[in-house]
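> Submitted below is the structure of interest, expressed as structure tokens.
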Amino acid sequence: MQGERDLSTLLQQMTPEVHPEVFTYCSFPDHQLSPGLTPVGTFHEAEGLTAIVPLQQAKVLGLPHQFECRMVTVTVHSALDAVGFLARISAALAAVGVACNVVSAFHHDQLFVREDRLDDAMQALKRLAQQE
């Protein structure tokens, strides 16, 4: 099934869903994950492997980590080449001072926002959807 490309439709139909776990970012300069980690996402950079992992796993393994956050899935099937969708989301979050790290997957976009700003982020996303 092809993802949606129409910006207005994407904004109207998006339904943000918060995952119950707290996540954090870890970096592995040797590009090797620690045993026992189950990341929700990874990315290879020249400096190392970045992994987004459950905070509890990072703590149990004693891993250095940054940016304790919640994962919000935008549950509309957006096309990978949809134009402007993430820009509008980012602008709405920036307007209320919420930092956001975005990971686009095949079906949905994942927004990682600081745990203490989750309520502000969710309110901004709901307002954005209602404006369309």
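We did not get these values from a lab; they are worked out from the coordinates using the rules stated. Here the structure is a predicted model, which is why all the values come from computation and not from measurement. So basically every Cβ, Gly included, is an ideal-geometry build from the backbone, and we count neighbours across all protein chains shown.
> Per residue of the stretch 64-81, in order, report the coupling 6.51 cos²θ - 1.76 cosθ + 1.60 (Karplus, θ = phi - 60°) as ³J(HN,Hα) in whole Hz, putting x for Gly and Pro.
Karplus-based 3J(HN,Hα) across the stretch 64-81 equals x, 8, 9, 6, 6, 8, 10, 9, 10, 8, 8, 7, 10, 7, 8, 5, 5, 10 Hz.
> A further question on this structure: Return the long-range amide H neighbours of Ser104 (sequence gap of 5 or more, or a different chain), with a cut-off of under 5 Å between placed amide H atoms.
For Ser104, whose amide H was placed from the backbone, the distant partners under 5 Å are Gln110.
> Quick check: from the Cα gyration tensor, does the stretch 7-131 come out rounded (a/c under 1.5), prolate or oblate?
Values: a/c = 2.34, a/b = 1.76, b/c = 1.33.
Prolate.
> So for the pair Arg88, Glu17, with labels modelled 7 Å out along Cα→Cβ, what separation do we get in nm?
2.1
> Among Ile52, Ile89, which comes first, second and so on when ranked by fewest other beta-carbon atoms within 10 Å? Display every interim value, and only then the final one.
Working: Ile52 21, Ile89 25.
Lowest count first: Ile52, Ile89.
> Among Met1, Met122, rank each residue by its count of other Cβ atoms within 10 Å, from fewest to most, as a rough exposure measure. Don't skip to the answer; put the middle values down first.
Working: Met1 5, Met122 17.
Fewest to most other Cβ atoms nearby, the residues stand as Met1, Met122.
> For helix 85-95, what angle does its Cα long axis make with the longest principal axis of the chain, in degrees from 0 to 90 and rounded to 10?
Approximately 80 degrees, to the nearest ten.
> By counting other Cβ atoms within 10 Å of each Cβ, how are Asp6, Asp116, Asp81 ranked from fewest to most?
Numbers: Asp6 13, Asp116 10, Asp81 7.
Result, fewest neighbours first: Asp81, Asp116, Asp6.
> Which value in deg cm²/dmol, rounded to the nearest 500, describes the helix-derived mean residue ellipticity at 222 nm for the chain, given -39,500 (n - 2.57) per DSSP H run of n ≥ 4 and division by the residue count? List each step's numbers first, then the result.
On the way: 4 runs with 38 residues, N = 132.
Mean residue ellipticity, 222 nm, calculated: -8500 deg cm²/dmol.
> Could you check what % of the DSSP bridge pairs in the chain are antiparallel, to the nearest 5?
Values: 27 of 28 bridges.
Close to 95 percent.
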